[in-house]
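The values are calculated or read from the model by the stated rules, or taken from the named source; none is laboratory data. This structure is a prediction, so every number in the text was calculated from the model and none was measured. Note: ideal-geometry Cβ built from the backbone for every residue, glycine included; neighbour counts use all protein chains shown. All accessible areas refer to the heavy atoms of the entire protein, side chains included, with ligands and DNA or RNA removed. Shrake-Rupley method; radii C 1.70, N 1.55, O 1.52, S 1.80 Å.
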Amino acid sequence: MATLTIGSPEAMEAFGGRIGSALRAGDVVCLTGNLGAGKTTLTRGIGVALHVRGTVASPTFVVARTHPSESGVPLIHVDAYRLGGVDELDDLDLDWDRSITVVEWGEDMVGKLVDSWLHIVIDRSSQADENVRTVTVTGHGDRWGNLEWVTA
Ligand SMILES: Nc1ncnc2c1ncn2[C@@H]1O[C@H](COP(=O)(O)OP(=O)(O)OP(=O)(O)O)[C@@H](O)[C@H]1O
Ligand SMILES: [Mg+2]
(Lines give C-alpha, C1' and ligand atoms only; values in the text may rest on other atoms or scores of the structure.)
(Ligands and ions follow the chains in the order given, each with its own letter.)
Protein backbone atom coordinates (compact mmCIF):
# COMPACT_ATOMS: atom_id res chain seq x y z
CA MET A 1 0.00 0.00 0.00
CA ALA A 2 1.20 3.51 -0.80
CA THR A 3 -0.17 6.75 0.61
CA LEU A 4 0.46 10.29 -0.53
CA THR A 5 -0.93 13.78 -0.15
CA ILE A 6 -1.97 15.77 -3.21
CA GLY A 7 -2.52 19.50 -2.95
CA SER A 8 -4.16 20.64 -6.20
CA PRO A 9 -6.08 19.44 -9.26
CA GLU A 10 -2.91 19.89 -11.32
CA ALA A 11 -0.98 17.67 -8.93
CA MET A 12 -3.76 15.09 -9.13
CA GLU A 13 -3.52 15.08 -12.91
CA ALA A 14 0.25 14.74 -12.69
CA PHE A 15 -0.20 11.84 -10.29
CA GLY A 16 -2.55 10.27 -12.84
CA GLY A 17 0.27 10.65 -15.33
CA ARG A 18 2.59 8.67 -13.08
CA ILE A 19 -0.01 5.92 -12.79
CA GLY A 20 -0.75 6.00 -16.52
CA SER A 21 2.91 5.58 -17.40
CA ALA A 22 2.95 2.32 -15.45
CA LEU A 23 -0.11 0.84 -17.15
CA ARG A 24 -0.25 -1.67 -19.99
CA ALA A 25 -2.92 -3.66 -21.81
CA GLY A 26 -5.02 -5.71 -19.41
CA ASP A 27 -4.52 -3.39 -16.45
CA VAL A 28 -7.52 -2.31 -14.42
CA VAL A 29 -7.64 0.67 -12.07
CA CYS A 30 -10.52 1.23 -9.70
CA LEU A 31 -11.11 4.72 -8.28
CA THR A 32 -12.94 5.27 -5.02
CA GLY A 33 -13.85 8.65 -3.54
CA ASN A 34 -16.87 10.84 -2.86
CA LEU A 35 -18.51 13.05 -5.46
CA GLY A 36 -15.93 15.60 -6.55
CA ALA A 37 -13.04 13.80 -4.88
CA GLY A 38 -10.96 13.91 -8.05
CA LYS A 39 -11.46 10.54 -9.74
CA THR A 40 -12.05 12.00 -13.18
CA THR A 41 -9.22 14.50 -12.70
CA LEU A 42 -6.86 11.60 -11.98
CA THR A 43 -8.21 9.71 -14.99
CA ARG A 44 -7.55 12.75 -17.19
CA GLY A 45 -3.89 12.51 -16.20
CA ILE A 46 -3.86 8.81 -17.07
CA GLY A 47 -5.29 9.75 -20.47
CA VAL A 48 -2.59 12.36 -21.06
CA ALA A 49 0.15 9.85 -20.19
CA LEU A 50 -1.36 7.32 -22.59
CA HIS A 51 -1.69 9.95 -25.35
CA VAL A 52 -5.34 9.20 -25.82
CA ARG A 53 -7.42 10.96 -28.41
CA GLY A 54 -9.71 13.54 -26.82
CA THR A 55 -9.86 14.74 -23.26
CA VAL A 56 -11.09 12.48 -20.51
CA ALA A 57 -14.25 13.93 -18.96
CA SER A 58 -17.05 12.61 -16.78
CA PRO A 59 -18.92 10.05 -18.90
CA THR A 60 -22.31 11.61 -18.17
CA PHE A 61 -24.40 10.07 -20.92
CA VAL A 62 -22.61 6.79 -21.28
CA VAL A 63 -21.45 4.31 -18.69
CA ALA A 64 -18.22 3.61 -20.52
CA ARG A 65 -16.24 5.67 -23.00
CA THR A 66 -13.39 4.25 -25.04
CA HIS A 67 -10.52 6.58 -25.88
CA PRO A 68 -8.23 5.31 -28.64
CA SER A 69 -4.55 5.97 -27.95
CA GLU A 70 -1.38 6.40 -29.96
CA SER A 71 -0.03 3.09 -28.70
CA GLY A 72 -3.05 1.21 -29.99
CA VAL A 73 -4.13 0.22 -26.48
CA PRO A 74 -7.35 2.10 -25.75
CA LEU A 75 -8.29 3.63 -22.42
CA ILE A 76 -11.77 2.60 -21.31
CA HIS A 77 -13.21 5.02 -18.75
CA VAL A 78 -16.16 3.56 -16.85
CA ASP A 79 -18.50 5.38 -14.50
CA ALA A 80 -20.15 2.56 -12.57
CA TYR A 81 -22.16 4.93 -10.37
CA ARG A 82 -25.50 4.08 -11.97
CA LEU A 83 -24.84 0.39 -12.53
CA GLY A 84 -27.01 -1.98 -10.56
CA GLY A 85 -24.27 -4.48 -9.94
CA VAL A 86 -21.48 -6.62 -11.30
CA ASP A 87 -23.74 -8.32 -13.87
CA GLU A 88 -24.43 -4.99 -15.53
CA LEU A 89 -20.72 -4.22 -15.65
CA ASP A 90 -20.10 -7.66 -17.13
CA ASP A 91 -22.86 -7.08 -19.70
CA LEU A 92 -20.92 -4.14 -21.15
CA ASP A 93 -18.59 -6.78 -22.67
CA LEU A 94 -15.56 -4.56 -22.17
CA ASP A 95 -12.38 -5.77 -23.82
CA TRP A 96 -10.49 -5.83 -20.50
CA ASP A 97 -7.51 -7.81 -21.81
CA ARG A 98 -6.67 -5.53 -24.70
CA SER A 99 -7.46 -2.24 -23.00
CA ILE A 100 -6.48 -0.20 -20.00
CA THR A 101 -9.63 0.16 -17.95
CA VAL A 102 -10.33 2.78 -15.29
CA VAL A 103 -13.52 2.35 -13.29
CA GLU A 104 -15.01 5.03 -11.07
CA TRP A 105 -17.31 3.65 -8.33
CA GLY A 106 -16.50 0.02 -9.15
CA GLU A 107 -14.71 -1.27 -6.08
CA ASP A 108 -17.49 -3.72 -5.18
CA MET A 109 -17.64 -5.19 -8.68
CA VAL A 110 -14.24 -5.16 -10.34
CA GLY A 111 -12.71 -7.85 -8.14
CA LYS A 112 -15.45 -10.24 -9.26
CA LEU A 113 -14.51 -9.82 -12.94
CA VAL A 114 -10.72 -9.54 -13.02
CA ASP A 115 -7.87 -11.17 -11.13
CA SER A 116 -5.63 -8.17 -10.68
CA TRP A 117 -6.51 -4.53 -10.17
CA LEU A 118 -5.12 -1.38 -8.69
CA HIS A 119 -7.34 0.35 -6.16
CA ILE A 120 -6.89 4.08 -5.66
CA VAL A 121 -8.85 5.74 -2.86
CA ILE A 122 -9.11 9.54 -2.85
CA ASP A 123 -10.15 11.11 0.44
CA ARG A 124 -10.70 14.76 1.14
CA SER A 125 -12.67 14.51 4.34
CA SER A 126 -9.56 14.18 6.46
CA GLN A 127 -8.13 17.45 5.14
CA ALA A 128 -8.94 20.95 6.36
CA ASP A 129 -7.86 22.52 3.04
CA GLU A 130 -10.52 21.81 0.41
CA ASN A 131 -7.89 21.34 -2.31
CA VAL A 132 -5.93 18.68 -0.47
CA ARG A 133 -6.53 14.98 -0.97
CA THR A 134 -5.11 11.91 0.71
CA VAL A 135 -4.56 9.18 -1.86
CA THR A 136 -4.07 5.53 -1.00
CA VAL A 137 -3.02 2.97 -3.60
CA THR A 138 -3.49 -0.75 -3.00
CA GLY A 139 -2.69 -3.59 -5.38
CA HIS A 140 -4.84 -6.69 -5.74
CA GLY A 141 -3.57 -9.79 -7.52
CA ASP A 142 -0.29 -10.92 -9.08
CA ARG A 143 0.16 -7.92 -11.33
CA TRP A 144 0.62 -5.48 -8.47
CA GLY A 145 3.40 -6.33 -6.07
CA ASN A 146 5.76 -3.66 -4.84
CA LEU A 147 4.14 -0.22 -5.09
CA GLU A 148 7.24 1.81 -4.20
CA TRP A 149 7.17 3.43 -7.64
CA VAL A 150 3.90 5.14 -6.71
CA THR A 151 5.57 7.43 -4.21
CA ALA A 152 9.19 7.36 -5.47
N1 LIG B 1 -6.25 18.01 -5.02
C2 LIG B 1 -7.26 17.89 -5.88
N3 LIG B 1 -7.35 16.79 -6.65
C4 LIG B 1 -8.37 16.64 -7.52
N5 LIG B 1 -9.35 17.52 -7.71
C6 LIG B 1 -9.32 18.64 -6.97
C7 LIG B 1 -8.28 18.87 -6.04
N8 LIG B 1 -8.51 20.06 -5.44
C9 LIG B 1 -9.63 20.55 -5.98
N10 LIG B 1 -10.13 19.72 -6.92
C11 LIG B 1 -11.36 19.96 -7.69
O12 LIG B 1 -12.30 18.96 -7.33
C13 LIG B 1 -13.06 18.56 -8.47
C14 LIG B 1 -12.88 17.08 -8.75
O15 LIG B 1 -13.77 16.70 -9.75
P16 LIG B 1 -13.75 15.28 -10.44
O17 LIG B 1 -14.75 15.32 -11.53
O18 LIG B 1 -12.36 14.90 -10.79
O19 LIG B 1 -14.25 14.36 -9.25
P20 LIG B 1 -14.89 12.91 -9.30
O21 LIG B 1 -14.33 12.20 -8.13
O22 LIG B 1 -14.66 12.29 -10.64
O23 LIG B 1 -16.44 13.19 -9.09
P24 LIG B 1 -17.72 12.28 -9.51
O25 LIG B 1 -17.95 11.33 -8.36
O26 LIG B 1 -18.84 13.28 -9.63
O27 LIG B 1 -17.42 11.57 -10.79
C28 LIG B 1 -12.58 19.41 -9.64
O29 LIG B 1 -13.41 20.55 -9.74
C30 LIG B 1 -11.17 19.81 -9.20
O31 LIG B 1 -10.75 21.03 -9.77
MG1 LIG C 1 -15.95 11.47 -12.04
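Looking at the chain, which longest stretch skips every one of the trypsin sites (Lys or Arg not before Pro) that is in a DSSP loop with at most 15 other Cβ atoms within 10 Å, leaving the sites themselves out?
Result, exposed sites excluded: 54-142.
Among rounded, prolate and oblate, which fits the range 53-120 when a ≥ b ≥ c are the square roots of the eigenvalues of its C-alpha gyration tensor, a/c under 1.5 means rounded, and a/b larger than b/c means prolate? Can you show the working numbers first?
Numbers: a/c = 1.79, a/b = 1.30, b/c = 1.38.
Oblate, because a/c is 1.5 or more while a/b does not exceed b/c.
What is the pair-distance distribution P(r) of the chain, computed from all Cα-Cα distances in 5 Å bins starting at 0, with each bin given as a whole percent?
With 5 Å bins starting at 0, P(r) equals 2, 10, 21, 24, 22, 14, 6, 1, 0.
In degrees from 0 to 90, rounded to the nearest 10, what is the angle of the helix 9-21 Cα long axis to the longest principal axis of the chain?
On a 0 to 90 degree scale, this one is about 50.
Where the accessible area of the chain is counted over protein heavy atoms with a 1.4 Å probe, how much of it, in %, is carbon and sulfur? Spell out each step's value before the answer.
Values: 3600 of 7690 Å².
Here it works out to 47 percent.
Let me know the longest stretch in the chain that avoids all GluC sites (Glu not before Pro) found in a DSSP loop with at most 14 other C-beta atoms within 10 Å. Spell out each step's value before the answer.
Details: sites that count: E70, E130.
In short, 1-69.
Enter the accessible area per residue of the range 2-151 (Å², integer; probe 1.4 Å; all protein chains in place). Before the final figure, lay out the partial values.
On the way: 7430 Å² over 150 residues.
Each residue of the range 2-151 exposes 50 Å² on average to a 1.4 Å probe.
So in the chain, what percent of DSSP beta bridges are antiparallel if you round to the nearest 5?
Values: 17 of 30 bridges.
Beta bridges within the chain, antiparallel portion: roughly 55 percent.
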